[in-house]
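The values are calculated or read from the model by the stated rules, or taken from the named source; none is laboratory data. Quantities reported herein were computed from a predicted structural model and do not represent experimental measurements. Backbone-built Cβ (ideal geometry, glycine too); neighbour counts: all protein chains shown.
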Amino acid sequence: MSGTAERPLRADAERSVRAILEAAERVLAVDPSASMEQIAAAAGVARTTIHRRFAHRQAMIDALATSAARQLVQAVDDGRPDTAPPLVALHRITANVLEVKSAWAFALGLPADPGSEAAALHQAIARQCIAVLERARADKLIDEAADLQWIQRVYYALLGESLRGHPDDAGLDTDTLAARIIETLLHGAGPRA
């Protein structure tokens, strides 16, 4: 993590960093200008603990962005994008991504600095998305002439709209939302056969 020691952290130090990043997500989602002191209080650690782990506020923000991006990569990987049938992979990945993005909305909403680990992880996710869409096209779930870059943008827009939420969607679980997204992505609003 940016701003942390290069050697691996002890288990208690890893827990401390995790608690700090989770608290930073909660606090900064409500107040993006919150102080390191406010984050320390929410994490249940001393301010000096944060400063020991992160040289400055931006180092903590960078670590937060990287940690969230890693969780997003794990969410995609858990959907078995290379081995599950494409329709199953699309559904699993979508449900997993909805969970991670809703839990880490602040961190995943940050623009990734070019050249950062977070930016590289987001680029890898985008490539993985195209690969899954290519597999879906090979399975005839997507028209062979479809522009996969456009389909990817539509997919991301559907994810974003689901994450923004609507009063009618209150209480819907991520599997239901994922099914809606995939149904809309693959079939649009046209009549069903």
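Quick notes on this one:
- The test for being of a type in the set (Gly, Ala, Ser), surrounded by fewer than 18 Cβ atoms within 10 Å (Cβ to Cβ), under 18 Å from ALA107 (Cα atoms) and at pLDDT 90 or above does not hold for ALA42.
- Any hit, the range 67-86, residues being in contact (Cβ under 8 Å) with a residue 40 or more places away in the chain, exposed (fewer than 14 other Cβ atoms within 10 Å of the Cβ) and of a type outside the set (Asp, Glu): yes
- Of all the listed residues (ARG180, ARG192), the sole one being basic (Lys, Arg) and touching a Ser or Thr at 6+ places or on another chain (Cβ under 8 Å) is ARG180.
- In the set (1) farther than 24 Å from LEU177 by Cβ; (2) more than 13 Å from the chain's Cα centre (by Cα), ALA119 fails one condition alone, (2).
- For the range 3-111, the helices (runs of 4 or more DSSP H) that sit wholly inside it and include 2 or more residues that are in contact with an Asp or Glu (Cβ under 8 Å, 6 or more places away or on another chain) are 36-43, 57-78, 86-103, 105-109.
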